[in-house]
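Contents: one structure, followed by commentary.
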Amino acid sequence: GQLLRLSNEAITYGPGPAKKGEQPPYAPDAQKEYGKYDVHFIEDDKNTIYLTFDCGYDYYREGASVTGMILDVLKEKGVKAIFFVTGDFVRDNPEMVQRILDEGHALGNHSSEHRAMPGLTIREMEEQILSLHEIVEKDFGYTMKFFRPPDGAFSLRSLAVTRNAGYETVHWSFAYGDYDPENQPDPAQAKEKILSSHHDGAIYLLHAVSETNAALLGDAIDGFRAKGYNLELFS
């Protein structure tokens with residue numbers, strides 16, 4: 001009953017521009033407004049940046065997995081990240097899921113079928129979260145606790161359902177147009193955009209299908225460290 005009383009109207013959350021060293025204003029505002037539902041748009045931590053990757057599917061370039069390339073760079077740089085996986089990714093890439101875990105990264109829940117949460121029934125919302133939760137627990141012995149809603153779309157009701165399912169919702173304070181593998185941004189421009197958007201407590205959303213991200217990631221990590229940031233695993 002309480003859940004039904006909460007609005008299921010869609011709230012869409014997208015990236016806004018961050019200025020060098022300053023938190024983008026929309027992220028702390030959203031944090032203040034929705035934080036009571038165990039949602040993270042940005043963290044309080046000084047000099048800390050969190051890398052998060054969305055994994056809807058794996059993309060291959062000349063036979064090589066782009067997710068694998070990203071993992072190679074993270075390993076080389078000694079950085080841990082959280083990978084938000086969908087049901088398709090888990091079913092199609094069990095070896096990659098195992099590698100993510102073996103190398104000390106975290107798995108996050110990006111929903112079973114990548115359906116936008118607002119507009120679903122409470123039952124369907126629970127199904128999108130818990131069916132994937134159970135598969136990952138059964139097949140990998142790993143218990144996920146962070147959820148990233150597909151397309152960043154949520155409602156007050158979906159946030160409450162997510163929390164009731166034992167999850168915290170993780171949005172982001174930086175994202176950019178890296179998600180189409182056939183239309184990738186220029187690596188030099190993308191690196192400049194990523195590095196110039198640095199801010200305390202930043203949650204970076206990057207897509208694991210992006211060759212540009214694989215190409216620039218090492219330089220971006222070095223650049224963040226040169227600016228005095230620690231790269232921590234979101235926990």
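The values are calculated or read from the model by the stated rules, or taken from the named source; none is laboratory data. No experiment lies behind these values; they were computed from the predicted model shown. No Cβ is skipped: glycine too gets one built from the backbone with ideal geometry, and neighbour counts run over all protein chains shown. The protein model used for the area step is the full one, side chains on, heavy atoms only, and it has no ligands, DNA or RNA in it. Shrake-Rupley method; radii C 1.70, N 1.55, O 1.52, S 1.80 Å.
Worth a mention:
- Restricting the search to helices (runs of 4 or more DSSP H) fully inside the stretch 50-154 and requiring at least 2 residues that are closer than 25 Å to I11 by Cβ, open to solvent by 10 Å² or more (accessible area, probe 1.4 Å) and in contact with a Gly (Cβ under 7 Å, 6 or more places away or on another chain) gives an empty result.
- Meets criteria (among the basic types (K, R), modelled with pLDDT of 95 or more and in a helix (DSSP H, G or I)) for K32: no
- Condition met for G14 (of a type outside the set (A, V, I, L, M) and open to solvent by less than 60 Å² (accessible area, probe 1.4 Å)): yes
- Among the residues of the stretch 118-130, those identified as farther than 16 Å from G56 by Cα and not acidic (D, E) are P118, G119, L120, T121, I122, R123, M125, L130.
- Considered as a group, the residues in the stretch 35-47 that are closer than 20 Å to F146 by Cα, of a type outside the set (K, R) and surrounded by fewer than 16 Cβ atoms within 10 Å (Cβ to Cβ) include one that is modelled with the highest pLDDT, and that residue is G35.
- Set side by side, the residues Y60, Y26, Y50 differ, and just one is under 17 Å from L233 (Cβ atoms) and hydroxyl-bearing (S, T, Y), which is Y50.
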